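For reference, the structure discussed in these notes is given below.
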Amino acid sequence: MYVVCRVMVGPKFDEPTASRSQKALVRLASIDPIELCNEAKVERCRATRDLRSCGRYVQRVLISCGHAALCEECSQRCDVCPICRVALPKGGNDLPLRLYYECIEAGLISKRCDDRLRDKEDGENQLIADVQRLYSLFDVALENNLVYYEKLGRTVEKHTDITDVCMDESAVSSDPVIAFLLDEKVVKDWCRRTFRNVLTELLAIYKLTVLEMKTKLSLLQKISSKLAAMANVLEVLESSFRDSTSAMLQDLNHLLESILKTKQHLEIMIWCIRHQFLENVRSRYSDIASWSSSFRERKSAAIKRAWPDPTNRVLGSGEQSTSSLFIEDALSNLDTEQGYADKDEGELANASLLSGGGNSFFLSKLHGMAACYPFENSRAAVDLLFLQGNSDLVVAKQAIFLYFLFDRHWTMPTDEWRHIVDDFAVTFSITRHSLLESFVFYVLDDHTDEALKEASCLLPEIAGPNIHPKVAQALLERENPDAALMVLRWSGRDGAATLVSLGEAVTAVRVRVECGLLTEAFMYQRMICTKVKDKKLLDAYDDAKEQCGNWLLWLEVLVTEICCLCIRRNLVDRMIELPWNSDEEKHLQKCLFEFATDDPSSTSGSLLVVFYLQRYRYTEAYQVDSKLQTLEEDFISKTRNDEISYKVRSMSHWRKGLVSQSVELLPDVLKQQLKSGNLPEVGVYAGNDNISAQSELPKIQEPILGNLLFKVPQMQWEGNGFLHPQPY
């Protein structure tokens, strides 16, 4: 595999007669790839002089054949070309210069390169000279921001920012020197050398004051074009290693990643320099200390309003649920996706270009990017965001910088800062939707009521299939479930078919229950658990595949969440009327019984008995009632509140009467076994909390004699919270 260099040039012509530099650039554009390497190779005169070769450096080519074989003196006395033996014309004194020397004469290459290594004859230094000459030609193309000209008939079409290096497998040579110059390692080393020179140049500029940097904007724009060209070179070079895992490919990836991050950082720096790093735009915070204090208040408010993690509750984990802000999640993603931050040129770029927020840089290494917010200043924000994390995340980094701008200026008069945000969006082609999305993320993080109202007004403009799933969760935590439900509706993720993570499913269930849509929450839970069981969501996102594989976890988490929400909102009487299947009801029974165990004065246990009575499962109702009686007696003996004791006794008395009437309908044999305790326990009270993968639950007891002989009394709630049967 060989790399050939094709310099694609198209300078602008302002005068009818092209200057020497323009002629050299045009020739550089039209030369064939292998010929460029031939032009870079040092050639010595092959004419015989005093029984030996002349050996002088060849600066011109022969007109008849184009070979660089004779020096100027020998070309006047020789009759044929020493290489091809083609006859040379007589009296031809004006031989064209070789491309390298033509560039020197035109001032495109320093004249110091003309005689460098001229007196060194050994082969190793000769090869170094060949490589350096090729690098000089590459530098000419890069320095002049050359473009590619492709002729279509008589039309000259200009394509800007096209790479000047392309792959050409046919570009081979029997000459070992030319073969070496065609190798991809030469091009990669040139990119590395040029990149280091760029870093040195940038470092010197970044150390200047803001006003001094402002005078260097045109130079910075030129450097940005150089970095873009080198990135294109490496991308084309990288394409030759398709499906390869060689060390060369990894080295190319590291170098390309570093160049892209440096370019992205430079582009943001140019924008900041134009706006003097926001020195003339007043911040709403007096200093970084007040900003940090405000951020800690936001974080504290987010933790207080956070909902518990249902997975931890189901798995019995002792971890406390914590809520994160949008900005913390975004910065954490940069840490997660950081691939080359500590590799070779990436480390060099970070260490050399970092000027603002040096302490924050080391803090990010120790505790992650999220620990660095709020950034000390705009320079620190640019350095931390765009010199770290993968270059593929440039859009996310720009969104974080927008969040930083909104946080710095919101609540200030808009005419003081709005033009800054608009100019940033225009400069980096950020759409209005992305702009509003970053603003909504900020106002949802802000714990004030004013911010929540602002977010609610903007939600219709950003809602859609690609809206962040955390938006609905944040609205729910901010006690605005109606807005959260609208977001789910607008996103199209409210129908169970498109949800791909357990966290999103839990949020969807919570939103529906909080909006009073209990039946819809039940149906949503049923559909998504069925789809997960059938493995219809496994082709969605990778982070959901592991969770999707365990559909029993989804079932337990969602059913338990519905049960807990209904207990909290006093909707248990409606919940037990839903058509739960055998897989679902085991978790429902467990949740209600555990809650009744923790608080015997609640109605959860009594409603669990009603759950069995409504389904004519009198044996299970009797067993639950017996356990509840024991719990209530122990509770009454320990409590000193007479009102609560009376409530528990009354509830226990009426429930016991209902169960007794139901048991009378059982056959005598079952009745005797049940009262004697010889009948084995069923359900979640048998000491087996695990559900097998096959869901081998105990068979549901069929109704005995049906409702023709006995009708379960309907329960009515009174203001004191007691249960009372209604007459038939």
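Values quoted throughout were computed directly from the atomic coordinates according to the rules given, and no laboratory measurement underlies them. Small disclaimer: the values here were computed from a predicted structure and weren't measured. Counting neighbours? That spans all protein chains shown, and the Cβs are built from the backbone with ideal geometry, glycine included.
Enclosing the Cα atoms of segment 559-658 in their convex hull gives a volume equal to 90 cubic angstrom per residue.
On the beta carbon distance between Cys84 and Leu217, with R0 = 56 Å, the FRET formula returns roughly 0.60. Using θ = phi - 60° in the Karplus curve 6.51 cos²θ - 1.76 cosθ + 1.60, the 3J(HN,Hα) couplings for segment 96-107 round to x, 5, 5, 4, 4, 6, 5, 5, 5, 5, 7, x Hz; x is entered for Gly and Pro. Sites listed here are GluC sites (Glu not before Pro) in segment 227-291 whose DSSP assignment is loop and whose Cβ has at most 12 other Cβ atoms within 10 Å: Glu279. Students often get this wrong: which residues of segment 605-636 have the backbone nitrogen under 11 Å from the point 7 angstrom along Cα-to-C-beta of Leu665? Only 613-619 pass the distance filter. The gain in end-to-end length when the Asp598 to Gln673 segment is fully stretched comes to 24.1 nm, 0.36 nm per residue minus the alpha carbon separation. What is the sum of charges, Lys and Arg at +1 and Asp and Glu at -1, for the other residues whose Cβ falls under 15 Å from the Cβ of Ile644? Result for the neighbourhood of Ile644: -3.
When Rg and the Kirkwood Rh are both derived from Cα coordinates, the Rg/Rh ratio for segment 383-440 amounts to 0.98.
Charged neighbours of Asp422, selected by a Cβ distance under 12 Å, balance to 0 (K, R count +1; D, E count -1). Over all other residues within a Cβ to Cβ distance under 10 Å of Arg20, the charged ones net out to -1, with Lys and Arg as +1 and Asp and Glu as -1.
Full extension of the segment from Glu450 to Asp423, taken as 0.36 nm per residue of separation minus the current Cα-Cα distance, would add 7.1 nm.
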